[in-house]
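The values are calculated or read from the model by the stated rules, or taken from the named source; none is laboratory data. Everything quoted here is computed from the prediction, not taken from an experiment. All Cβ positions, even for glycine, are placed from backbone atoms using ideal geometry, and neighbour counts span all protein chains on display.
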Amino acid sequence: DPEVVIASRCKIIREGGSLGMQTIVTGDNPCSKLCSWDSEVYAGIMETMDPDLSFCWKDVHWTLPKAELLKRVSEWNEALEQYCDNIGLNGSEREDVIKLHTASEYAPCGNGNCDKMETSVKQFKKCSRCFSVAYCSPACQKADWKYHKKNWCRPGTRERQTDGTPAGRTLQEMLANFG
């Protein structure tokens with residue numbers, strides 16, 4: 001039942017704060033900036049969405065096809081506006097919440113030590129072994145290889161699960177690291 005899944009995810013996010021965000025949303029990916037987002041706002045946006053269409057927004061969206069990515073960005077940002085309306089946010093407070101929590105179609109470089117972001121959609125090249133991460137340059141990919149190989153790159157598993165966790169890892173396995 002989608003409503004039960006959303007309620008469970010939102011509970012973990014709210015109760016766990018940044019650790020809950022890491023568990024449900026970012027996994028162990030150091031490139032994600034979502035842990036700086038307000039967990040209450042994030043959960044509220046998820047609850048605003050249609051339960052059958054709801055998803056966890058991830059800023060490390062290298063595996064999403066372009067059309068799906070653009071659709072999710074639009075849906076997330078519409079839900080953000082609706083969330084702000086629902087709780088009566090106005091003026092500069094609303095602007096601050098929207099600025100921090102707006103989904104972007106541009107992904108960060110997969111090297112956690114690099115601050116570069118795409119400037120066009122799907123600009124960065126994916127790892128040709130697993131297709132689960134993208135890098136701004138061959139130098140960044142090489143610098144990140146030990147970490148990526150150990151934590152994300154699974155030989156022969158070029159596909160990701162629909163919830164964005166690495167192939168071979170379930171949401172339950174990721175939740176086992178929580179708390």
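The figures follow:
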{"quantity": "Residue check, Arg129 of a type in the set (Lys, Arg) and either modelled with pLDDT of 95 or more or within 27 Å of Val41 (Cβ to Cβ) (or both)", "calculated": "no"}
{"quantity": "Residue that is nearest to the chain's Cα centre (by Cα) [pool: residues in segment 53-96 that are of a type in the set (S, T, N, Q) and assigned to a loop (DSSP other than H, G, I, E, B)]", "calculated": "Thr63"}
{"quantity": "Extreme residue, modelled with the lowest pLDDT, among residues of segment 44-100 that are among the hydroxyl-bearing types (Ser, Thr, Tyr) and more than 27 Å from Ser132 (Cα to Cα)", "calculated": "Thr48"}
{"quantity": "Members of segment 107-126 that are crowded, with 17+ Cβ neighbours inside 10 Å, out of contact with any helix residue (DSSP H, G or I) (no Cβ under 8 Å at 6 or more places or on another chain) and either modelled with pLDDT of 95 or more or in a loop (DSSP other than H, G, I, E, B) (or both)", "calculated": "Ala107, Glu118, Phe124"}
{"quantity": "Positions within segment 1-37 being outside any helix (DSSP H, G or I) and either in contact with a Gly (Cβ under 8 Å, 6 or more places away or on another chain) or crowded, with 17+ Cβ neighbours inside 10 Å (or both), in sequence order", "calculated": "Gly27, Asn29, Pro30, Cys31, Ser32, Trp37"}
